[in-house]
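In what follows, a structure is listed as structure tokens, so that the remarks can point back to it.
No value in this document is a laboratory result; all are computed from the given coordinates. Fair warning: this is a prediction, and the values are worked out from it, not measured in the lab. Cβ sites come from the backbone with ideal geometry, for glycine too, and all protein chains shown count toward neighbours.
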């Protein structure tokens with residue numbers, strides 16, 4: 001049985017459990033097609049009130065699924081990440097925590113994923 005795409009997945013980090021999911025948004029112009037595609041990852045620590053929303057918006061030199069790339073793929077000319085891989089979610093989490101994200105802050109923190117991309121890509125490339 002396949003899993004539901006929108007259902008949050010568990011990510012175990014030491015004694016903590018985080019929940020994460022991948023999403024996609026876009027605008028449908030009147031002439032058809034898609035515009036302003038954005039791929040996103042949402043993370044939260046289980047039992048905590050804070051949320052982290054990391055968005056990867058399409059822009060020149062920043063690639064997101066837009067009918068050509070597969071779902072979950074984001075990249076630059078330097079390389080790509082698969083947001084559905086647990087290792088990528090963990091690298092995003094670790095990078096956001098290093099940049100000061102507090103899972104206990106009850107607000108939703110929004111980050112531009114492209115600012116995290118170089119560190120996460122370097123980490124993921126070193127793992128392989």
Subject >> Spacing of the two label points (7 Å from each Cα toward its C-beta) at residue 42 and residue 112, in nm >> reply: 2.3 nm
Original post:
What's the angle, to the nearest 10 degrees (0 to 90), between helix 113-127's Cα axis and the longest principal axis of the chain?
Top reply: 70 degrees
Original post:
Taking a point 7 angstrom from the Cα of residue 12 along the C-beta vector, which residues in region 63-103 have backbone N less than 16 Å away?
Top reply: 86-87, 90
Original post:
For region 9-127, what relative contact order do you get, as a whole percent, if you take Cα pairs closer than 8 Å and at least 6 residues apart?
Top reply: 23 percent
Original post:
In what order do 104, 15, 94 fall by count of nearby beta-carbon atoms within 10 Å, going from fewest to most?
Top reply: 15, 104, 94
Subject >> Nearest 10 degrees, 0 to 90: helix 86-98 Cα axis against the chain principal axis >> reply: 70 degrees
